[in-house]
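Here is the structure we will look at.
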Amino acid sequence: MAATTVQPIPYSQTPVISQQTREKLSQERKRLASDPNALLVPADLSTNAKYVFRTKPHTYRQLVVTLPMPPDEANFPGEPAQYNFVKRRWDRLVGGPGLTGSDRDKAAAAKIAQLEAVRDELGDDRIVFVRIKRAVECYYPTDSPVVAGYLRGLMAEGKEPFNQIYEVSGLTRLVVGDTAFPNTELGRRLAFAHMAEHGGDLKIVEGE
């Protein structure tokens, strides 16, 4: 019986995805597009990013995540009441629900440090997802574990729009023998079909 294994090896040593395989992927996508009973399949991506965050098909064509940063009192000249309102909302956000005293202060300090670290990594206060042509989907590629960790935290909260986002890796390939497939829904289908026809083991290769 064929086995499935996970092997972390240098990305440069993985077999390349051949043009023949890419043509098969294209043909399968066209077949599914013409089948009204077929499930929605995510668009193919070409990225070598270590962390890739994608929106589910037919959810968001474009997504911009703005980092919540502390309000600057200088931006509220002559409006102390408005500043205090925004400041209280900010304090509730970074302090977390149900926390008081020193616990709240510690949670706030940790949240502020995380947001500042993400902003430093981005060089901006926005995470802008990339549109996918001819698809109602978008994605955000990054090699930064700091940015990836922040997005994972938002996904774990399960609130819109982050409940419509899932994570993949641009450095993961499916390999059967010396044939490589992308780690996508279509790639998995073709990999299993290839394994059934030619035998061998399915390896999930995670690039380092």
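The values are calculated or read from the model by the stated rules, or taken from the named source; none is laboratory data. All values derive from a computational prediction rather than experimental measurement. No Cβ is skipped: glycine too gets one built from the backbone with ideal geometry, and neighbour counts run over all protein chains shown.
Being assigned to a strand (DSSP E or B), more than 23 Å from Glu157 (Cβ to Cβ) and either hydroxyl-bearing (Ser, Thr, Tyr) or at pLDDT 80 or above (or both): is that true of Thr47 here?
no
Does the range 92-107 contain any residue that is at pLDDT 85 or above, assigned to a helix (DSSP H, G or I) and more than 26 Å from the chain's Cα centre (by Cα)?
yes
Would you point out the residue of the range 168-204, among those that are part of a loop (DSSP other than H, G, I, E, B) and touching a residue at least 24 places away in the same chain (Cβ under 8 Å), that is farthest from Tyr51 (Cα to Cα)?
Gly199
For Gly98, which of the numbered conditions (1) without any contact (Cβ under 8 Å) to a residue 12 or more places away in the chain; (2) at negative phi fails to hold?
With respect to (1) without any contact (Cβ under 8 Å) to a residue 12 or more places away in the chain; (2) at negative phi, Gly98 is out only on (2).
Here are some conditions: (1) touching a residue at least 12 places away in the same chain (Cβ under 8 Å); (2) of a type outside the set (D, E, K, R); (3) out of contact with any strand residue (DSSP E or B) (no Cβ under 9 Å at 6 or more places or on another chain); (4) in a loop (DSSP other than H, G, I, E, B). Tyr83 meets all but one. Which one does it not meet?
Condition (4) is where Tyr83 drops out.
Is it the case that some residue within the range 149-168 is basic (Lys, Arg), more than 30 Å from Pro68 (Cβ to Cβ) and not assigned by TED's automatic domain parsing to the domain that holds Pro97?
No, the range 149-168 contains no residue that is basic (Lys, Arg), more than 30 Å from Pro68 (Cβ to Cβ) and not assigned by TED's automatic domain parsing to the domain that holds Pro97.
Quick one: is Val64 surrounded by 12 or more Cβ atoms within 10 Å (Cβ to Cβ), closer than 30 Å to Val94 by Cβ, of a type in the set (Val, Ile, Thr) and at pLDDT 85 or above?
Considered against the rule, which asks whether it is surrounded by 12 or more Cβ atoms within 10 Å (Cβ to Cβ), closer than 30 Å to Val94 by Cβ, of a type in the set (Val, Ile, Thr) and at pLDDT 85 or above, Val64 comes out as no.
Is the range 71-80 home to any residue that is surrounded by 12 or more Cβ atoms within 10 Å (Cβ to Cβ), more than 24 Å from the chain's Cα centre (by Cα) and farther than 24 Å from Arg119 by Cα?
Yes, some residue in the range 71-80 is surrounded by 12 or more Cβ atoms within 10 Å (Cβ to Cβ), more than 24 Å from the chain's Cα centre (by Cα) and farther than 24 Å from Arg119 by Cα.
Kindly list, by first and then second residue, each pair from a residue in the range 142-166 that is in a helix (DSSP H, G or I) to a residue that is small (Gly, Ala, Ser), limited to pairs with Cβ atoms under 7 Å and residues at least 6 apart or on different chains.
Val146/Ala117
From the list Ala117, Ala113, Ala135, pick out the single residue that is modelled with pLDDT under 95, among the aliphatic types (A, V, I, L, M) and in a helix (DSSP H, G or I).
It is Ala113.
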